[in-house]
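I have placed the structure first, in the form of structure tokens, so that the comments after it can refer back to it.
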Amino acid sequence: WLEDVRRKRQENKERLLPLGKIQSLPDALNSYERTLTAIVQTTREQGSEPILMAQAVQSIFLSQEERDQLWMGVINDGDGYISEDQYPGILDQYNKRMQKVAEVENVLFIDLPAKIDKGHKPFYDGMHFNEWGANAVAKVVADFFISNELLNTDKE
């Protein structure tokens with residue numbers, strides 16, 4: 001599956017969409033914000049407290065081999081693709097919406113992109129973490145829990 005998706009992206013590079021032509025992005029961001037707000041409210045209604053964490057992505061400073069491994073960024077079922085240069089900016093807009101929801105709803109927020117290596121080391125395909133990256137994320141989350149006193153350290 002992944003090889004087919006990567007091949008399709010490579011074959012359709014001429015259909016990369018300019019950022020200015022991604023006309024549905026504002027509507028998508030608004031929908032994302034409403035959905036996150038509903039998730040926060042539903043989680044609380046069920047007696048739990050959510051924590052939101054921004055997505056980290058690495059798609060700058062990629063070698064050609066690493067660019068060839070990319071598969072995400074499909075728009076309209078493959079009618080076009082977001083380029084690897086555009087992807088971080090678009091994801092940043094989603095992360096900012098998440099942070100806004102966290103502030104409005106008074107939810108704890110982990111700004112993962114600010115706390116993890118910006119290079120290729122944590123990722124195996126520009127977005128998904130390899131073993132080193134997963135360990136780095138686990139440390140960020142553990143440090144967040146400790147600094148916010150979210151761990152029950154009482155031994156009974």
**Asked** Using modelled backbone amide H atoms (1.01 Å from N, in-plane), which distant-in-sequence or interchain residues come within less than 5 Å of MET53's amide H?
**Response** ILE110
**Prompt:** Roughly what would the spin-label model give for LYS118 and ARG44, points 7 Å off Cα along C-beta, in nm?
**Reply:** 3.4 nm
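All of the numbers you see were taken from the coordinates with simple rules; none came from a lab. Just so you know, these numbers come straight off a predicted model, no measurement behind them. Cβ coordinates were reconstructed from backbone atoms using ideal geometry, including for glycine residues, and neighbour counts include every protein chain displayed.
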